[in-house]
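For reference, the structure is listed below as structure tokens.
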Amino acid sequence: MTYQLALNWDDFLATYWQKKPVVLRQALAPFVDPLTADELAGMAMEEQIDSRLVSRCHGQWQVAHGPFTSFDELGETDWSLLVQAVDHWHPQAAELMEPFRQLPNWRLDDLMISFSVPGGGVGPHIDQYDVFIIQGMGRRRWRVGDRGQHPQHCPTPGLLQVPEFEPLIDVELEAGDILYIPPGFPHDGYALTPALNYSVGFRAPNQRELFSQLADQLIAQDGGNRRYADPDLTPRSASGCVTSEDIQRLRELMSSLLDDEAFACQLVQSLSEAKHELDLEPVDPPYAEGEILDLVLQDDVVLRLGGLRAFYLQQTPGTCFIHGEQFAVPAGAEALMRQLCDHTQLATGALRTALEEPAALAWFTMLINAGYWYFASDWQAEEVE
Ligand code: SIN
Ligand code: CO
């Protein structure tokens, strides 16, 4: 199903994005849950899928990690089951990410889904990332406080919480409502009735991550060999002093690395890595190029694998970054590459002209055979099996 988000993106970005939390009442109404609580529980039994059960017993928080073998022991209150990156495994749930592709895809992370029974939640906490929490089935009460000093503590391993806070927002969410929370705002939600919640999360690297990545890249490629040089040095009266000019020169030595094109490529390559496993299966036996052309004629839609990250750099259109790898885009395939990176679903009609170019067809065949993109009919056939 296609979800229509009732939101004025210009106003939202100018007023709320990264600035303040907001409740978007009935922004996804009428809301239809893309899965059931039972289906979610089934996913939490899978080895490859990350899941957690957060519960409270006599005021004591507990966290258990999946895969789970049974949920029979659970009571009717005070627990919440959270499953990460459901969009990687469940195409209908992945549809919930689509309305948010008005934002750059590299900022978008994954879809976490929780099922909570009355009283269930993860307690007051802070996230480092923007999140849209969509209310599905049921009702949940959410409180959001202001940014500021909220010392974090760990009531049990695997759970970070903050002390109680003064709420700016105190609401009950119903199906189709969305709560947007920027990074750093403490929040706490507990279910009033059995409830499903969908969190569309974003990612933003911090300086430490970026510099450590640069350092790794320099070490791996034996780069960064330019050394400090001062051919214009003159005698100094204060020999113990490191001057502002010296520091400026050192800074320039470091910052010139950041201007390097290879660094930009490396950055985007790492941004294209998924944080969670994908349902990636190479086509076996692989399609020949002629078969791909037949499929393009027969089939209506080509889909990008759930959770697959695919980007290109504005200034380097000959390179494409897919799932943590760099690919040279053959001449004549640039338009195809942009279509594939800009859209998660493509009408095959829009691809036919691009695929008349032999290099583009060969490249596209490689992407399909790798399992990165697939034909809608292949997926439907698998569903029936
Ligand atoms: C949830 O419990 O569904 C969302 C958890 C959160 O606030 O990050
Ligand atoms: Co949160």
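The values are calculated or read from the model by the stated rules, or taken from the named source; none is laboratory data. Quantities reported herein were computed from a predicted structural model and do not represent experimental measurements. A quick note on method: Cβ atoms are made from the backbone with ideal geometry, for glycine too, and the neighbour counts reach across all protein chains shown. SASA here: full protein model, heavy atoms, side chains in, ligands and nucleic acids out. Shrake-Rupley method; radii C 1.70, N 1.55, O 1.52, S 1.80 Å.
Between ASP294 and ARG107, what's the calculated FRET efficiency when r is the beta-carbon distance and R0 is 41 Å? Round to 0.05.
With a Förster radius of 41 Å, E is 0.65.
Between ASP38 and LEU280, what is the label-point separation in nm under the 7 Å Cα-to-beta-carbon projection?
3.4
Got a sec to turn the phi values of region 59-74 into Karplus ³J(HN,Hα) couplings, 6.51 cos²θ - 1.76 cosθ + 1.60 with θ = phi - 60°, whole Hz, x for Gly and Pro?
Values, residue by residue: x, 9, 7, 9, 10, 10, 9, x, x, 9, 9, 7, 10, 5, 6, 6 Hz.
Report, by chain and number, residues whose modeled amide H sits under 5 Å from the one on LEU313, excluding near sequence neighbours (fewer than 5 apart, same chain).
HN-HN under 5 Å from LEU313: THR319.
Please state the relative contact order of region 141-259 as a whole percent: Cα pairs under 8 Å, 6+ residues apart?
23
Express the carbon and sulfur contribution to the solvent-accessible surface of the chain as a percent, rounded to the nearest whole number, probe 1.4 angstrom. Before the final figure, lay out the partial values.
Values: 10180 of 19890 Å².
Result for the chain: 51 percent of the exposed heavy-atom area is carbon or sulfur.
Quick query: amide H of LEU108 versus all other amide H atoms, modeled in the peptide plane; which residues come in under 5 Å with a sequence gap of 5 or more or a different chain?
The answer is ARG203.
Which ³J(HN,Hα) values in Hz, rounded to whole numbers, follow from the phi angles of region 225-236 under the Karplus curve 6.51 cos²θ - 1.76 cosθ + 1.60, where θ = phi - 60° and Gly and Pro get x?
Result, rounded to whole Hz: 8, 4, 10, 4, 9, 9, x, 9, 4, 10, x, 10.
What accessible surface, in Å², does a 1.4 Å probe find on CYS57, ignoring ligands, DNA and RNA and rounding to the nearest 10?
Ignoring ligands and nucleic acids, CYS57 comes out at about 60 Å².
Run the numbers for MET366 and LEU160: contour at 0.36 nm per residue of separation, minus the present Cα-Cα distance, in nm.
Gain on stretching MET366 to LEU160: 69.8 nm.
Give me the number: length gained by fully extending GLN315 to ALA331, i.e. 0.36 nm times residue separation minus the C-alpha to C-alpha distance, one decimal in nm.
Difference between extended and current length: 4.2 nm.
Using R₀ = 51 Å, calculate the FRET efficiency as 1/(1 + (r/R₀)^6) where r is the Cβ-Cβ separation of GLU76 and ASP246; round to 0.05. Intermediate results must be reported in sequence, preceding the final value.
Working: r = 68 Å, r/R0 = 1.33.
About 0.15, to the nearest 0.05.
Is the shape of region 289-384 best called rounded, prolate or oblate, per the rule: a/c under 1.5 gives rounded, else a/b larger than b/c gives prolate, else oblate, with a ≥ b ≥ c the square roots of the Cα gyration tensor eigenvalues?
oblate
Roll a 1.4 Å probe over the protein heavy atoms and report the accessible area of TRP9 in Å², nearest 10.
We get 40 Å² for TRP9.
Measuring from label point to label point, each 7 Å out along Cα→Cβ, what is the MET1 to GLN207 span in nm?
Taking the simple label geometry, MET1 and GLN207 are separated by 4.6 nm.
Counting only protein chains, not ligands or nucleic acids, how are CYS154, CYS265 ordered by accessible area (probe 1.4 Å), most first?
Solvent-accessible surface, decreasing: CYS154, CYS265.
Report the accessible area of HIS125, computed with a 1.4 Å probe over the heavy atoms of all protein chains in place, in Å² rounded to the nearest 10.
Approximately 30 Å² of HIS125 is accessible to the 1.4 Å probe.
Rounded to the nearest 0.05, what FRET efficiency do GLN152 and TYR16 give with R0 = 25 Å and r taken as the Cβ-Cβ distance? Could you check?
Efficiency, from the Cβ-Cβ distance: 0.55.
For LEU53, LEU13, write out the residues from largest to smallest accessible area, computed with a 1.4 angstrom probe and no ligands counted.
Greatest to least solvent exposure: LEU13, LEU53.
Excluding ligands, DNA and RNA, what is the solvent-accessible area per residue of region 9-202 at a probe of 1.4 Å, expressed in Å²? Walk me through the intermediate numbers first.
On the way: 8420 Å² over 194 residues.
Accessible area per residue, region 9-202: 43 Å².
Give me the accessible area per residue for region 298-362, probe 1.4 Å, as a whole number in Å². Could the numbers behind the result be given before it?
Details: 2850 Å² over 65 residues.
Here the per-residue accessible area is 44 Å².
In whole Hz, with x marking every Gly and Pro, tabulate ³J(HN,Hα) for region 346-352 from phi via Karplus 6.51 cos²θ - 1.76 cosθ + 1.60, θ = phi - 60°.
Per residue, the Karplus-derived 3J(HN,Hα) values read 10, 6, 4, x, 6, 9, 4 Hz.
In terms of modelled amide H atoms, which long-range or inter-chain residues lie less than 5 Å from the amide H of ALA175?
Here GLY138 satisfy the definition.
Expected output is a single nm value to one decimal: the length gained when fully extending between VAL63 and GLU46, i.e. 0.36 nm times separation in residues minus the C-alpha distance. What is it?
4.4 nm
Please grab the % of Cα pairs in the chain that end up more than 39 Å from each other. It would help to have the intermediate numbers written out before the result.
Values: 21949 of 73920 pairs.
Of all Cα-Cα distances in the chain, 30 percent exceed 39 Å.
What percent does the relative contact order of region 9-202 come to when contacts are Cα pairs within less than 8 Å and at least six residues apart? Before the final figure, lay out each step's value.
Values: 459 pairs, mean separation 56.3, N = 194.
Relative contact order here is 29 percent.
Taking all pairs of different Cα atoms in region 169-302, averaging 1/r and flipping that mean, what Kirkwood radius in angstroms comes out?
About 22.2 Å, per the Kirkwood formula over Cα pairs.
Find the centroid of the Cα atoms in region 44-100 and in region 269-337, then give the distance between the two in whole Å.
Each part's Cα centre sits 30 Å from the other's.
On a 1.4 Å probe surface of the protein chains, which of VAL242, VAL32 comes out largest in accessible area, and what is the full order?
Sorted descending by solvent-accessible area, the residues read VAL242, VAL32.
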